[in-house]
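Read the structure below first, then the notes.
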Amino acid sequence: MAEGNFAGSTLVALRPGDPAPQTLSLVAGLALIEAADIAAPGRSLMLKWPNDLLLDEAKLAGILLERSGERIAVGIGVNLAAAPAIEGRPTASLEGAIAPQAFAPLLAASFARWLERWRAGSAEEIADAWMERAHPPGTALTVHIDASTTAKGRFEGLGADGALLLRTAHGLIETIRAGDVEL
């Protein structure tokens with residue numbers, strides 16, 4: 001990671017009654033886009049399923065969740081000072097907008113607010129909030145499920161568990177729980 005960029009993580013202990021754990025990726029995305037809005041207002045930010053934040057359709061940040069028992073580590077990396085070159089993928093940064101030491105408290109506070117909403121509400125409410133900041137329904141997508149499998153169609157929305165709903169050319173809705181989305 002380039003000097004001046006941000007990488008941070010937090011550990012979430014799951015509680016009885018919490019929504020589906022995989023929807024924490026939506027919570028992290030909402031917290032991240034909210035913090036980025038505060039750090040650099042007026043920028044064209046958009047969430048991309050399942051774990052990216054885009055600036056002008058270029059990757060600005062990524063989220064990684066890892067579960068161990070009843071704990072989930074949420075890792076977030078944000079290009080604040082520079083954007084790394086990634087072959088075949090445009091990248092972006094918020095160069096000059098905010099220092100990493102100033103971004104961290106914004107993100108922590110935003111994550112705490114969204115985590116509380118997640119616990120108090122429903123996964124569907126979180127999914128709806130995520131949809132408001134994401135690529136719109138009807139967007140053409142290619143999903144790379146693994147090295148040799150792709151699915152193509154149009155973004156239909158999210159399931160209550162945070163899964164991507166993809167309308168295929170045959171009109172069927174395919175539920176995708178993991179993959180890399182290409183807009």
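The values are calculated or read from the model by the stated rules, or taken from the named source; none is laboratory data. Being a predicted model, the structure only gives us computed values, none of them experimental. Glycine also receives a Cβ, built like all others from the backbone with ideal geometry; neighbour counts cover every protein chain displayed.
Summary of values
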read-out	value
Enumeration of residues in segment 71-108 that are in a helix (DSSP H, G or I) and either in contact with a helix residue (DSSP H, G or I) (Cβ under 7 Å, 6 or more places away or on another chain) or free of Cβ contacts under 8 Å to residues at least 12 places away in the same chain (or both)	Gln101, Phe103, Pro105, Leu106, Leu107
The one condition in (1) at pLDDT below 90; (2) under 27 Å from Leu11 (Cα atoms); (3) in the same structural domain as Ser25 (by TED's automatic domain parsing); (4) not small (Gly, Ala, Ser) that Arg89 fails to fulfil	(2)
Hey, Ser44 free of Cβ contacts under 8 Å to residues at least 60 places away in the same chain and of a type in the set (Ser, Thr, Tyr) or not	yes
Residue that is touching a Leu at 6+ places or on another chain (Cβ under 6 Å) and without any contact (Cβ under 8 Å) to a residue 40 or more places away in the chain, where the choices are Gly171, Gly157	Gly157
Pro50 being assigned to a loop (DSSP other than H, G, I, E, B) and surrounded by fewer than 17 Cβ atoms within 10 Å (Cβ to Cβ)	no
Residue in segment 58-68 that is without any contact (Cβ under 8 Å) to a residue 12 or more places away in the chain and hydrophobic (A, V, I, L, M, F, W, C) present	no
